[in-house]
Amino acid sequence: MQFLKHHLTTTEDLSGTWCNSNAVTSGIMEAVSFVTPVLENFFVRTVAEGLDGRQHPELEQRCHTFIHEEADHSRAHKKFNASLLRYLGRTPPGLALVESLLDHARKHLSLPSRLLLAAALEHYAAVLSKVYMNQEARLDIHSAFAKELFVQHAHEELDHRAVVFDLWLNKGSSGSFKRSLIVLAILFTGFVYISIAVPWIVHRKTRSLTATLTALAGFAFRNRSDIKAYSPLSELFSFTRRNYHPDQLVDEGLAARIK
């Protein structure tokens, strides 16, 4: 898939409410964009280390394609983030925590454990990409670059959702308890990061504590019915099942949309 036809220009101002004319929605998208290159660096390094020549040639080719796509994603998000930094001044607080935890994992976890963590994070990304695809029609994104960036990233995350998982299975597997701990750790870390980064970004947009709190409360109130109607938690925890495989995330209709 050709990645990003649009070019982010130096005149594009993203300090406003560029997604759904809402500061919180825009802030969530920006927080996701900042953390994406950090995660993808971990994915690329872990998969590259896992390629030891003892897997099936077809899986090895899928891994090389995965590394190429993740590198493309990272470069595109860094370009987008550079534009965000022009008004934010620095990266969101909380990002350093994610970087530190992944660096600790690289230094102290065995390769099979790192592959399991990468597979769980890729599962998490695929579930959120599925949510994004289902909500895409309701998103009014004013930036052409951002619109193409997020939709193509979601497509490719779903398309290569099983690569790291299959590489991990090739190295062995673990029981449901260890998978559950990793999913819980990812959810907790993600919640902490978003809870810190998004209010900070919204405050940078509004320049007012009162306006920030009002925007956050309004967002929660307006979206309460959607939160009650659908939660991705059940799909996130499907990773813990012994018979789980990422192919189960996508039905025929969604598969046709991401090709």
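The values are calculated or read from the model by the stated rules, or taken from the named source; none is laboratory data. Every value quoted in this text rests on a predicted model; they were computed, and no experiment measured them. Counting neighbours? That spans all protein chains shown, and the Cβs are built from the backbone with ideal geometry, glycine included. The area values use the complete protein model at the heavy-atom level, side chains included, leaving out ligands, DNA and RNA. Shrake-Rupley method; radii C 1.70, N 1.55, O 1.52, S 1.80 Å.
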* Structure fact -> For the range 100-111, the count of residues that are surrounded by fewer than 20 Cβ atoms within 10 Å (Cβ to Cβ) and either under 17 Å from the mean Cα position of the chain (by Cα) or among the aromatic types (F, W, Y) (or both) equals 1
* To do: Answer yes or no as to whether V198 is modelled with pLDDT of 95 or more and out of contact with any Ser or Thr (no Cβ under 8 Å at 6 or more places or on another chain).
  => yes
* State whether the residues of the range 25-34 include one that is touching an Asp or Glu at 6+ places or on another chain (Cβ under 7 Å) and modelled with pLDDT of 95 or more. => no
* Among what's in the range 163-177 and is in contact with a helix residue (DSSP H, G or I) (Cβ under 7 Å, 6 or more places away or on another chain) and surrounded by fewer than 22 Cβ atoms within 10 Å (Cβ to Cβ), pick the residue that is nearest to S238 (Cα to Cα). => S176
* To do: Name every residue in the range 130-149 that is buried (at least 23 other Cβ atoms within 10 Å of the Cβ) and either free of Cβ contacts under 8 Å to residues at least 60 places away in the same chain or not small (G, A, S) (or both), in order of residue number.
  => L149
* Structure fact -> Scanning the range 205-218 for residues that are out of contact with any Pro (no Cβ under 9 Å at 6 or more places or on another chain) and open to solvent by 50 Å² or more (accessible area, probe 1.4 Å) gives R207, L209, T210, T214, A217
* If you take the residues of the range 75-99 that are within 16 Å of the chain's Cα centre (by Cα) and within 19 Å of K147 (Cβ to Cβ), which of them is most open to solvent (accessible area, probe 1.4 Å)? -> R75
